[in-house]
Structure formats: C-alpha cells, structure tokens
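The values are calculated or read from the model by the stated rules, or taken from the named source; none is laboratory data. Given the structure is predicted, the values throughout are model-derived calculations rather than measurements. The protein model used for the area step is the full one, side chains on, heavy atoms only, and it has no ligands, DNA or RNA in it. Shrake-Rupley method; radii C 1.70, N 1.55, O 1.52, S 1.80 Å.
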Amino acid sequence: MIFPAPGELPWPDLGGANIGIAHATIATLGTILFVGLAFLARPRRSTLLWSLTFMGIMVACYGYLAATAAESEELRRGSMGLLLGAPALLWSGLRAHRKVRTYAWISALVAAASILALLAPGESAWFGLAYRVMFFVSGIFGVLFLLEWRRIPERSERLLWPIVVASAVYALAGVTVLIGALFTPLSTAEAFASTRIFNSIGMLVYMVCALVSLVPLVTPGSRAIESSAPQGDWGRFVGTARERLERAAARDADTWSLLRIELDDAEDLQEAGGPAIFGRLLRDIQARVTAVFPTDADIAIAPDSAVIVLISRPEAVIRDLVRDVLRRIAVRDPAAPITVTTSASIGWASVATAGYDLDALLATTAEAAATARAQGGDRWERVTA
C-alpha cells in the first residue's frame with residue numbers, strides 16, 4: 001500500500017491540532033485515573049511502573065501536539081520514539097505484579113534508541129526503514145506481555161482481554177510493518193504519513209485498552225481469586241441460595257439470614273503472601289467458618305474474597321455462631337498459610353429486614369461489613385432496618 005504525501009491526504013489529518021488535542025486530553029485523563037484509582041490506592045512497584053507508562057504517553061502526546069503547532073519535525077519524531085517505549089514499561093509492570101524482576105530499564109533503553117533512530121536519518125529516505133525497525137522492536141514487548149499474562153493467576157479474568165487482544169494486535173502489526181519494508185519501501189513523506197496513522201490510532205487504542213484492563217486488576221476489592229474460589233463453586237452457591245430464598249418467601253419464613261465475613265487488612269495480607277498464599281489463607285478461613293456453622297448452612301467464597309453464609313436459624317442462635325466464628329478466626333494457627341493473627345468483620349442481614357432478594361442481601365451485608373471494619377474490625381454489624 002502506498003500512502004500519499006502529508007499535504008495530499010484524502011482522509012482527515014490525523015496529525016492535526018484537533019486530533020492532537022483529543023489525544024492529549026485522553027492521555028491526561030488516563031493518567032489521572034490510573035494514578036488516582038490504582039497507584040494511590042495500592043502504591044507498589046507495578047502500579048508505579050504503569051503510572052509512569054501513562055505519564056510517558058501523556059508527555060509524548062503533548063510533545064506531538066507542540067510539534068504540530070511549532071512545525072518541528074525533530075520534536076515530532078522524538079515524541080514518536082517516546083511512545084514506542086511504552087509497551088516495554090507495560091510489560092515491566094506486569095512482571096512487577098507477578099513479583100519477579102522487572103527490567104524496567106529496558107523501557108528507557110527502547111525509548112532512547114527509538115528517538116535516536118528516528119532523528120538520525122534526518123530528511124533522507126532511511127526514516128521509513130528506521131521507524132519500521134523500531135516499531136517491530138516495540139512490538140516484541142506485546143509478545144512478552146502475552147507471555148507474562150499467561151503466568152499470572154488472574155489470566156482468566158475477562159477484564160484483561162482488552163489489553164491481551166491489543167498486545168497481540170500490536171505485536172502482529174510490528175511484524176507486518178517490518179515485512180512491509182522489504183516489499184514497499186516508502187519515501188520520507190510517505191513514511192511520515194504512515195507514522196501518523198500508527199501513532200494516532202494504534203497507540204491510542206493500546207492506551208485505552210491498558211487503562212480498561214489494568215485499573216481493575218490492581219484496584220482494591222476488584223480482583224477475583226481464581227486460585228482459591230473457582231467460579232463454579234460460587235455459581236452453584238448463588239443458584240442454591242436463590243432457590244432457598246424463593247421457597248422461604250413462598251412460605252413467609254423469616255428465619256433466614258445472610259452473613260458476609262471479610263478478613264480485616266485483606267489487602268495487606270494479600271500483598272504479604274501473594275495471590276496463591278492468600279487464596280490458601282481464605283480456604284483456611286472458610287474451613288474455620290464451616291467448622292462453626294451447622295451442616296445445612298450454605299457457605300462459599302465470593303469473587304471479592306469474602307466468605308458468604310446463608311443459614312436458617314433464630315436470631316439468638318446466629319448471634320452465638322457469629323461470636324464463635326470471630327473467636328475462631330482470631331486464633332493464630334501455626335499451620336495456616338500466613339502465620340499472623342487474623343480478624344474479621346461480619347455483615348449480617350436477615351430476610352425480615354432486607355427481603356428475600358439475594359442481590360439485595362449481598363449488597364446490604366457488604367455495607368454492614370464495611371461499617372464493622374470502619375469501627376475497628378473484629379466485630380459484626382447487623383442490619384436492623
């Protein structure tokens with residue numbers, strides 16, 4: 001495919017001021033959202049590296065916009081080179097999330113090499129080849145990102161699919177662009193038009209996909225614990241619970257209650273032990289809860305790491321069971337996956353006060369558990385109205 005020169009484009013000017021402002025705006029909003037929702041909530045190496053990724057993209061977008069206004073080819077190419085280093089930093093952040101060596105310096109090396117490679121050809125016809133080679137190098141980190149994704153416990157989460165698909169497409173584009181250099185060598189003007197298309201559309205889509213996928217991955221309370229709570233178990237619990245509540249509503253039985261048991265300082269425990277060990281700790285807590293409640297109670301671990309109990313007993317009996325559970329959880333077990341003293345906050349709602357709808361009961365107990373935790377934890381909070 002032969003691209004027309006910049007002044008003869010039949011499509012909208014993707015490098016113009018209007019689209020440049022839109023890109024800079026989206027990059028700025030993305031940076032604010034990621035820093036505010038991810039890094040400030042969970043200040044760790046992975047969120048730091050990903051925040052730096054979005055900051056770098058934002059700087060590159062503003063640089064590209066300034067280059068368009070000043071008609072500076074050098075600044076424009078420097079901004080392109082900075083963008084090409086972003087996938088490497090995304091990959092480093094995923095390695096940090098996996099608690100392995102990050103190699104974050106590679107991103108700076110790729111960005112610096114890209115800037116030098118794009119500036120060195122000047123006005124010669126070598127610019128097109130230089131860009132294609134560096135785009136291919138940047139695309140390699142799309143493949144590495146996919147390899148790292150295969151190794152994390154959250155790999156089956158649907159929210160990760162946008163960045164997974166974007167990484168695969170980006171890597172494929174890098175190979176396609178490099179192969180294209182062998183068959184369709186471009187002049188400098190044509191290479192510049194191609195560069196504007198790739199950087200204006202491709203990198204913007206990649207940034208949006210990364211934002212959509214990575215913020216939920218690291219936001220507290222948003223991650224499913226695949227290693228400890230298979231979705232089939234939770235699905236079966238939900239189906240059984242709905243059926244029991246429907247039958248109770250038909251008989252007007254008001255002895256049913258839903259309990260939500262949340263570990264206090266769950267985020268710190270997960271940070272200390274990692275997803276796999278934290279999952280084993282949750283199963284240990286579930287075993288303690290199961291040992292306290294009668295065999296006819298339905299117990300499961302929810303995707304947000306809370307132990308949910310549906311039980312039909314008088315209020316006085318449930319109160320004694322809740323107290324016993326709190327005591328059991330607070331006992332330090334040397335055989336537990338994390339040998340620390342644990343505590344829990346419990347939200348309790350009965351059908352007499354919250355109705356027979358399972359979703360309403362889950363939401364109500366979540367609020368009650370949050371209230372108990374805000375009051376210091378190691379206690380229960382019952383919904384009375």
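As a size descriptor, the averaged projected area of the C-alpha convex hull of segment 63-126 was calculated at 4.7 nm². Estimated at 0.36 nm per residue, the fully extended path between ASP233 and GLU267 surpasses their Cα-Cα distance by 9.9 nm. Fully extending the segment from GLU315 to ILE179, taken as 0.36 nm per residue of separation minus the present Cα-Cα distance, adds 41.8 nm.
Only protein heavy atoms count here; under a 1.4 Å probe, ASP233 has an accessible surface of about 70 Å². State the percent of C-alpha pairs, over all pairs in segment 82-159, separated by a distance greater than 22 angstrom. Counting pairs separated by more than 22 Å, the tail of P(r) holds 33 percent. The largest accessible area among MET55, MET80, MET134 belongs to the first residue in MET55, MET134, MET80, and the rest follow in falling order (1.4 Å probe, all chains). Accessible surface comparison of VAL205, VAL35, VAL351, probe 1.4 Å, protein chains only, largest first: the order is VAL205, VAL35, VAL351.
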